[in-house]
Every structure is written in structure tokens, then in C-alpha cells.
1. In nm, to one decimal, how far is the A:Asp201 label point from the A:Thr326 one, both placed 7 Å along Cα→Cβ?
2. Which angle from 0 to 90°, rounded to the nearest 10, does the C-alpha axis of helix A:256-265 make with the longest principal axis of chain A?
3. Round to a whole number: what % of the accessible area of the stretch B:41-143 belongs to carbon and sulfur, probe 1.4 Å?
4. Against the longest principal axis of chain A, how steep is helix A:105-119, in degrees 0 to 90 to the nearest 10, with axes from Cα atoms?
5. Which parts of the stretch B:81-115 would a label at B:Leu220 reach, counting a residue when its backbone N lies under 13 Å from a point 7 Å out along Cα-to-Cβ?
6. On average over all directions, what projected area in square nanometres does the protein assembly as shown have, based on the convex hull of its Cα atoms?
7. Semi-axes, largest first, in whole Å: what does sqrt of 5 times each Cα gyration tensor eigenvalue give for chain A?
8. Quick one: which of A:Lys211/B:Lys150; A:Lys56/A:Lys120; B:Lys8/B:Lys150; A:Lys279/B:Lys8 span more than 27 angstrom between C-alpha atoms?
Amino acid sequence: MSTASQTTPRIAPGRAGVKKELPDHFKDYRHVWVFLELERGNVHPVSFELLGEGRKLADKLEVQLAGVVLGPPGEMVEDAVAEAFAYGADLVYIVDAPPLADYRNEPFAKALTDLVNTHKPEILLLGATTLGRDLAGSVATTLQTGLTADCTELDVDSDGSLAATRPTFGGSLLCTIYTLNYRPQMATVRPRVMPMPQRVDKPVGRVMRHKLSLVEDDIVTKVLGFLPDNQSAMANLAYADVVVAGGLGLGAAENLQLVKNLARAIGAEHGCSRPLVQKGWMPADRQIGQTGKTIRPKLYIAAGISGAIQHRVGVEGADLIVAINTDPNAPIFEFAHLGIVTDAIRFLPALTEAFTRRLSPHSRDKLAS
Amino acid sequence: MHIVICIKQVPDSAQIRVHPVTNTIMRQGVPTIINPYDLFALEEALKLRDVHGGEVTVLTMGPPMAEDSLRKALGYGADRAVLLTDRYFAGSDTLATSFALSQAIAKIGETFGRPDIVFTGKQTIDGDTAQVGPGIAKRLDLSQLTYVAKIASIDLDTREIEVARRAEGGTQLLKSRLPCLITMLEDTNEIRRGSLQQALCAARRQVVKWTAADAGIDDLTRCGLRGSPTVVKRVFAPTARAERAAQIDTAERGLQDIADELIADILTRRPALEHELAFNSGT
Ligand SMILES: Cc1cc2nc3c(=O)[nH]c(=O)nc-3n(C[C@H](O)[C@H](O)[C@H](O)COP(=O)(O)OP(=O)(O)OC[C@H]3O[C@@H](n4cnc5c(N)ncnc54)[C@H](O)[C@@H]3O)c2cc1C
């Protein structure tokens, strides 16, 4: 470990209602860790987004940023380590053992808990994916520490505590949560909530390898198989560069065709607000928002969507938000960049036509000349 | 087979309003419901009982009025209901909640027979954390099967269970051991409506009420606010953006005109999009 234990502990300034009295045995917990999620060969992009965020926290705290890679021995883990350095990690902890080939709670929770107990990070971040949530919940319980789910903002406050902000009360409000007297401070963040960081020019870093203190025979749960999703049919909303979405304002299931037509014309993914899923007008994997997907496209066009906070938190990361709504007072105009007060049912076909004209090879030639 | 299912009474968050001036939650008159995700787990538990026999016990931790949710669950067909209620539980975060529930489940095991399966919903609609299920599994040392879309088979003799679980990018097929904890995915089951007779019976049935002491919890420092490592410091409304959307004038103009202006506006603000859109559309 570093010289962390010799550093003077940070003293918490007096604060109404919350007092920080970090017990002595937690005072040498240092550094920010990001769990790198391996998905059949690839690192889940949320892990890179977290490395970007972890870098900022580590810089503020003047500590190191470490990645954690758990997987089977071989190329997959080595590639993930290289990627961790490329996205800013100073150090990567590796546990590579055959039982870590496919995700199962037991060996992963054991490996991560052992690493934490040995190397004592002060902050541990994981993606709020099915894997990340499954793992984070049991690791936090074993470590008896605080875990804040689905954060939308992470920061370090003046006394060095992690300030984890997340939506609360069905998303209508935000709250900031601290884990004052326990370590590590754990948080999960959903994919696409944080921006993708720049790759580092000449990545370097240290590797620390650990053994898994479990063998296959100790593990009760066995993987029988994996059925990959039919990729072509599944929406790739979270990572789409352009998204067109429709809301209840479209009035009828048939009108969603107008959204799909525009999406097709400009090579976009299509999505919707939650009521449409509840009505069965669109499948759940097309829902955008707090209980659906978080998106970060370069362009987002919302037609007939009011812009309720639960929808807003899912689209705020978009670079350019265009809203089409008949109600000039709709909340969506509070956070959209461009707005049109008009009937989306009539306007969408016109917009599709105008885009098609503008983007046709003929007009592109004209533009170029 | 004995199945324990944890449910939570939650405010119907679709009906929660935030006070426009004070930014506080207006809870008055907001109806409560059983956390919708828990109903899929309850239905799965009842289906398993239909096939394998045995009993279904519903458990909730909450204020005395959470008894209503338990009665509803009895109305759906659960055999027994346990309400864990004590002022010491107030302010519990997920760690403290999973502690209290796991102690109560252990007590249920001693009193009514050891559970083979403990169910929870995928997550709650008020907390949205999905952390309580894994917390309970860890504390009771049950094998943990989260985001289960389907229980393929259960063999009570060999104590084996096979499930399909939602994973990133696909479905994982797992074989594990009983007892286990399962968090059930939504839309996995058509929720049955209890019969009128069941509902009438449920109204008259006894709900078992346990305090912390009744559930065998002697370490109260692990409950409620004191047992919660997370502290909520601040609750606030999201800040509005400085300016409202730039509005495109629609008065007395044709739709094509407006559309052309919008596209021009988009491409002025984000010139790089022109290539992208043209490229993506494959024209
Ligand atoms: C716990 C919880 C989680 C939630 N999660 C999500 C989530 O993930 N995603 C989500 O989207 N919502 C979510 N919601 C729901 C959210 O609160 C809103 O109810 C929802 O976003 C509203 O959808 P909408 O804007 O399509 O419909 P509405 O609120 O009905 O708005 C329709 C809008 O269309 C406009 N309009 C009507 N006719 C036309 C027309 N012809 N042309 C143009 N505009 C028209 C209206 O002016 C109005 O602004 C959640 C709610 C809760 C309680």
C-alpha cells in the first residue's frame, strides 16, 4: 500500500445534521476504484464512463485511480487492463481464474470483497447494470458499508467525502447521499449518465495480480448456457448518436409510424416516453428515462413529449435537444435547445420530407458545388 | 415447499406531487400500493405452490398501515402474512432493511419451517435500488439469483433449481441449489386476481405482527437510522436551464418552411451532424 496511513486524516468541518467521525480502522482507506465489467470478451462501456468520472474524483482527492478486472486467465483480461490504462487508470488489480469466466455472484463477490479488504479503497464505483447491481449489493452487505444506487452526479465535498446524487421519490427530486462513517463509499451509475472520457495518449500503469480464494467445487451456482439477444431486433438506444422519440401527444399507436419514418430517414434509433410502453404501443426496451434507458445522442428529437422529470433525467446528456409540442408551457421547453410549438402529427411528415430532401445525394452535390 | 416473499408497501409514485414553492413532497392523500414489481414475484411463488404444494408466507417491514398490503397479498392467495413493525426500523437504508428482513426470515424459518426459496421483486418503485434482495441473500447465505425471467425447473429431492436470468446482452441459464433467493423480473407473469372468497377470507385472517424483539433482533444499533451507513444530506429540485428553448416561429408559414428552418438551425448549431445524418441514412 501507499503511505496513506501516515497522512493526516481529513477533519470534517461541523455540518448541521451530519457529522463525520471516521473510525480509526477506516482512516487508511485511500484511492478511487472502478470495477471493469467484462461482457463476453469486451469491457462494458459504462466502465470507461466511470473511469472518466473516477479520474476526476481521484484528482480532487489527490489519490490514485485503480481499475478492477475479474475474469478468466488470458487475452480478455489483458485487453481489459490495457483499456483501463487507456481510459486513465493508474493501476489495475487483476483476479484471473477459470471460475471467473462467466458472471456468477459467488466468485465475483468473493474476489472483489477480498481485494477491498486487502487494498482498502475509499471509493468504489460500479455500473448500474444487471451485473453491477447484483454484485454491488452483496459486496456492500459483506463489507457492511453504504451503497448509493443509480447516481446521476458524483463529487467530492470539502472534507473529502463522496457526495453521491441520485433521483428520489420516483424521480421528482434529487438527493445527495453520503457514507460518512464507513469505507469504502460505494456507488453505482447507469450506462450513459456520464460522458465517455478521452483516451490517454501513452497509457501506462501498474498491475497487481491476486489469487481467487475459491475453487470451482466451492461454487454452488453453475452456468449452463447463454442465449445472446437478437442484436438486430434489440434497440441500441443508449449508444445511438441520433434519437427520435414520441410521447402520448401522438395520440394513437398508429402515429408512432411517423416517428419511425423520421428515424429511418435520418438513420436514427426511435424511442418513447413511458406511458407508451404501459399502453403496449412500444416495447419496454424503447423507453427513455429514469426507469428506461439513459441516452446521450448528438441529436434528440422529442415529439409530443411533455418533459416530465423522469423523462428529463434520461435525456439531459443529449448534445442538442429539439422539442415539438403543442403546449408552449410544456416543461420540455425548459431543457430543450430548440422548440417548435406545433402539432407533431402534422409536422413529423413535413420534417421527414425536408430532411430527405436535404440529405439526398442530389442536394448534397449541390451543397458541395 | 415453504416460500417466503418480501413485499413493500409504496406510495403510488405516479401520483406524488412536489410542492411548486417549497420543493417538498406532498404525500397527503397519495394512495399506497404493493410495489408493482413484487407482484410478479408473488405470482411466481403462488404458481410454484400450485405445482409443488407447500405454503407461501408474505413478509413486509413497514409502519402498522403496511398491514393493508399484506391483506391484499393474502387476498391473492398467500397462506400467511408477517408484518415486521417497530419504531426502531424507521429511517432504514438498504443495508439496515436487509438486516431486519433477514432476521425476520430466520425467525419465520424457526417458527413456520425453513424456507426453500425467498423471493423479492426486482426493485421497488420508490427506492429503485435493487439492493435489498442481494443484501438478504448475503446475510442468510442463500445462493443469489437476481433478475430471474423464468424458473425452468425445481427438483425438491436433489434440491436443485434451474433459472433463466436477464444479463447484459442476453439470457444466462443457471443451475443452483436450494435454498436460494430470487429477485423476479417484471412482466414474467400474468398476475392472477384472487377470488372474491379469498378476499373476504383475507379480511378476517390474522396477520402475524412482530416487533424487533419478537423477530429476535437484539442488536438495535443495526436497525433504522443508526444501522444505516448512508445519510441523506440534501433533497432538492433539479435546476432549470438558464434559458428556455429557442422557439421557431410557426405563425402563418407552411410546414415545409418551418421544417427547413429547423434543419438549418440544427445544422448551424451542430455542423458535424450533416455528414452523420446523411451517412447514417444511407442515402
Ligand atoms: C416512478 C416513475 C418512473 C417513471 N419513469 C419514466 C421514464 O423512464 N420515462 C418517461 O418518459 N416517463 C417516466 N415516468 C412518467 C413521467 O412522469 C410522465 O408521466 C411521462 O414521461 C409523460 O409522458 P408523455 O410526455 O409522453 O405524456 P404526457 O405527459 O401526457 O404529455 C404529452 C405531451 O404532448 C403534448 N401534445 C399533445 N398533443 C400533441 C400534438 N398533437 N403534437 C405535439 N404535442 C402534443 C402535450 O402538450 C403534452 O406536453 C415515470 C413516472 C414515475 C412515477
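1. Going by the 7 Å Cα→Cβ label model, 5.7 nm.
2. 80
3. 50
4. The two axes meet at around 60 degrees.
5. Zone members listed by number: B:86-90.
6. Approximately 31.4 nm², given one-decimal rounding.
7. 41, 24, 20
8. Listed pairs above 27 Å: A:Lys211/B:Lys150.
The values are calculated or read from the model by the stated rules, or taken from the named source; none is laboratory data. Just so it is clear, the model here is predicted, and its values are computed rather than measured. Ideal geometry is used to build each Cβ from the backbone, glycine not excepted, and the neighbour counts take in all protein chains shown. Keep in mind that these areas ignore ligands, DNA and RNA; they rest on the heavy atoms of the full protein, side chains included. Shrake-Rupley method; radii C 1.70, N 1.55, O 1.52, S 1.80 Å.
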